[in-house]
Structures are given as C-alpha cells and as structure tokens.
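Trainee: I have a structure here, written as structure tokens, and I will follow up with some questions on it.
Just so you know, all these numbers are worked out from the coordinates, no wet-lab data involved. Fair warning: this is a prediction, and the values are worked out from it, not measured in the lab. A quick note on method: Cβ atoms are made from the backbone with ideal geometry, for glycine too, and the neighbour counts reach across all protein chains shown.
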Amino acid sequence: MYLNHGAVFLSNGKWKTSFLLQNKIQIHRFHCSQCSYSSDRKYHLLRHQLIHSGERPYKCTFCGKGFTTKQNCETHKMTHRQDQIHCCSICSQQFSSSRALQRHISTHLL
Ligand SMILES: [Zn+2]
Ligand SMILES: [Zn+2]
Ligand SMILES: [Zn+2]
C-alpha cells in the first residue's frame, strides 16, 4: 500500500480515495467573493450572487416588487391571492372584493 496523489493503492488491487483527496474535492467549490456562501455548482453561485448585485429579474405581476429567484416571487404572489379573498367572519362565506363583503356583512346586521 502506497500513497499516490492522495489516493491509496490497496494490496487487493483497488484504489481507495484518501481523506487528502476528499478534502481536495471539497476545496473545488465555487465561493462567493462577497460573503461566505459556497456551492459545488457554478449555477447556484451565480444565482446567489444576484443578491449582492441587487438584480431582481423576477417581478411580481400584482405590485411590481422584484425577486432574486422565481420561487421567492411565486411565494410572494401567493400572499396577493390570499389578499384577494375576503372572508366573512360571521358565516365564512368568501367574496372577491371588500365592497362585496361589506355589503354582505350588513345583511347579517339586519
Ligand atoms: Zn454572497
Ligand atoms: Zn406583490
Ligand atoms: Zn356572512
């Protein structure tokens, strides 16, 4: 058994990766130059770096707010959809506008 570039050649004829080589693989990560973020995928790093550049390519169609990732944008848009439903606190009936709900609530008060 002898060492060769971090890999260990075992007597049974198989190569075994040593800790040395495993560490080398981990060093081959893509590091963000502006924070401690690192990823083994360049695509992930590029997406991450949008945070620092302030670029927000995903815009909310309801309020125009920008987001760095599509997922964040979709999650945000969900809150708008919830906003659009106006629920009666007395009978739980749902209305598409607050005016319709107000009108409905007044019928409970009669
Ligand atoms: Zn960063
Ligand atoms: Zn929005
Ligand atoms: Zn009601």
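Trainee: Between Met78 and Ser39, what is the FRET efficiency for a Förster distance of 22 Å, r being their Cβ-Cβ separation, to the nearest 0.05?
Mentor: Numbers: r = 27 Å, r/R0 = 1.21.
That gives a FRET efficiency of 0.25.
Trainee: Add +1 for every Lys or Arg and -1 for every Asp or Glu among the other residues with Cβ under 10 Å from the Cβ of Gly66, and state the total. Provide the component values of the computation, followed by the final result.
Mentor: Details: positive: Arg56, Lys59, Lys65; negative: Glu55.
Within the 10 Å Cβ shell, the charges total +2.
Trainee: Where the convex hull is taken over the Cα atoms of the range 30-69, what is its projected area averaged over directions, in nm²?
Mentor: Seen from a random direction, the Cα hull of the range 30-69 projects 2.9 nm² on average.
Trainee: Right, here's the next one. Suppose the chain between Gln94 and Leu110 were pulled fully straight at 0.36 nm per residue; how much longer would it get relative to their current alpha carbon spacing?
Mentor: Values: separation 16, 0.36 × 16 = 5.76 nm, distance 1.93 nm.
Taking 0.36 nm per residue and subtracting the Cα distance, the gain is 3.8 nm.
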